[in-house]
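Single-structure report; data block below.
The values are calculated or read from the model by the stated rules, or taken from the named source; none is laboratory data. Computed from a predicted structure; not experimentally measured. Reconstructed Cβ throughout: ideal geometry from the backbone, glycine too, with neighbour counts over all protein chains shown. Heavy atoms of the whole protein, side chains included, go into the accessibility calculation; ligands, DNA and RNA do not. Shrake-Rupley method; radii C 1.70, N 1.55, O 1.52, S 1.80 Å.
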Amino acid sequence: MFAVPFSSIIGHRRVVSLLARAVAQARLPPSLLLAGAAGVGKRRIALAVAATVNCLQPRQTPELERDACGECASCRRIERGVHPDVILVEPGDTGSIKIEQVRDVIDRAGYRPFEGRRRVVVIDEADAMVPAAQNALLKTLEEPPSASIFLLVSSLPDALLPTVRSRCPRLRLSPLSPAEVADVLVRDHDYAEADARAAAADAEGSVGRALSAEAADLTEARAAAQRILEQAARTGDPSRLIDSVKDVVGKKGSSAGEREQLAACLRATASLLRDLGLLAVHADTATLANTDLQPQLQALSRSYDGDRATRAYSAVDQALAALERNASPKVVVDWVVLQI
């Protein structure tokens, strides 16, 4: 389990502020559905709610009306997963949440909290509940025990029964920015800065996706993307440009491997071009996805004004679409380098 203060959660500031205010004003609904893509921090936020509700030494900051201290006995027990009033339900070995699991938490939620202010039930991957389990939960969601809170976490909320969804106000969590994903990887998973930035650029806002990727390959893909853009900035000679991308495909030993390798390079190129577009309009550099490459990007921005960066980004997007339609990786990479 994680029991972290709201203030240490990276991203989702609007949702976190809303939840902190609801806890402080004793207006937290008895059931909530936290919905969003996999790996964006939904479960972590749910457990932060549990910690803030039951913290023995809650704090207030200029940004948050109520927050957990992260240090008291209650916060530490939640972090270790041994707090008697914070119940985590998750799929078992079969990948589903059975009716027996749900009946057990319903029974426990009917009693007053053992030591905390409220009993908090977190159902992670709630869409994995079998229909019978969801139906068993309906009565409790409709008439929740006064001292209990149910937090359903799901990346596939529409897979839940409509009757369950209708009883749980939904909070939508957006994908994290590449910078936020990289910050989580560095802080919580001991990534080196360059590896974190490379993984984040390819993660589509999901820490989970970034963790499942091969960091070394993504770092290599971003380095290749940087070399391609630098070469395109130096010369318009078609033969030299095509020569500069000859190593982008052909290393994986299979057609599928070539496609995967090129797709990673194209996504990294798109990420760099997005940053170049931001620099062209003098946007806040804190919004850059590849902040560790800012000096190199500043140098490149002299060759990639806003229009060129936009056209190049569009070309990369077309190249990715062509790759998905089974176009030859060699043809795709040769074409795209002549467009950027």
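Here are a few things to note about the model shown:
- Qualifying positions in segment 61-89 - among the polar types (S, T, N, Q) and either part of a strand (DSSP E or B) or open to solvent by less than 10 Å² (accessible area, probe 1.4 Å) (or both): 74
- Only residues that are modelled with pLDDT of 95 or more and of a type in the set (S, T, N, Q) were counted across segment 3-24, and they come to 1.
- Beta carbons closer than 8 Å, at least 6 apart along the sequence or on distinct chains, pair a first residue in segment 41-60 that is over 21 Å from residue 113 (Cβ atoms) and open to solvent by less than 50 Å² (accessible area, probe 1.4 Å) with a second that is of a type in the set (Ser, Thr, Tyr) and not in a helix (DSSP H, G or I) for 42/154; 42/155.
- Taken over segment 1-40, residues that are open to solvent by 40 Å² or more (accessible area, probe 1.4 Å) and in contact with a His (Cβ under 9 Å, 6 or more places away or on another chain) amount to 1.
- Scanning segment 258-297 for residues that are part of a helix (DSSP H, G or I) and among the β-branched types (Val, Ile, Thr) gives 269, 285, 287, 291.
To keep it simple, each residue is scored yes or no on (1) open to solvent by 40 Å² or more (accessible area, probe 1.4 Å); (2) under 23 Å from residue 303 (Cβ atoms); (3) assigned to a helix (DSSP H, G or I).
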site: 191; (1), (2), (3): yes, no, no
site: 205; (1), (2), (3): no, no, no
site: 222; (1), (2), (3): no, yes, yes
site: 227; (1), (2), (3): yes, yes, yes
site: 233; (1), (2), (3): no, yes, yes
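- As a summary of the residue check, residue 115 satisfies the conditions (1) of a type in the set (Asp, Glu); (2) farther than 24 Å from residue 21 by Cα; (3) touching a Ser or Thr at 6+ places or on another chain (Cβ under 8 Å); (4) outside any helix (DSSP H, G or I) except for the one numbered (2).
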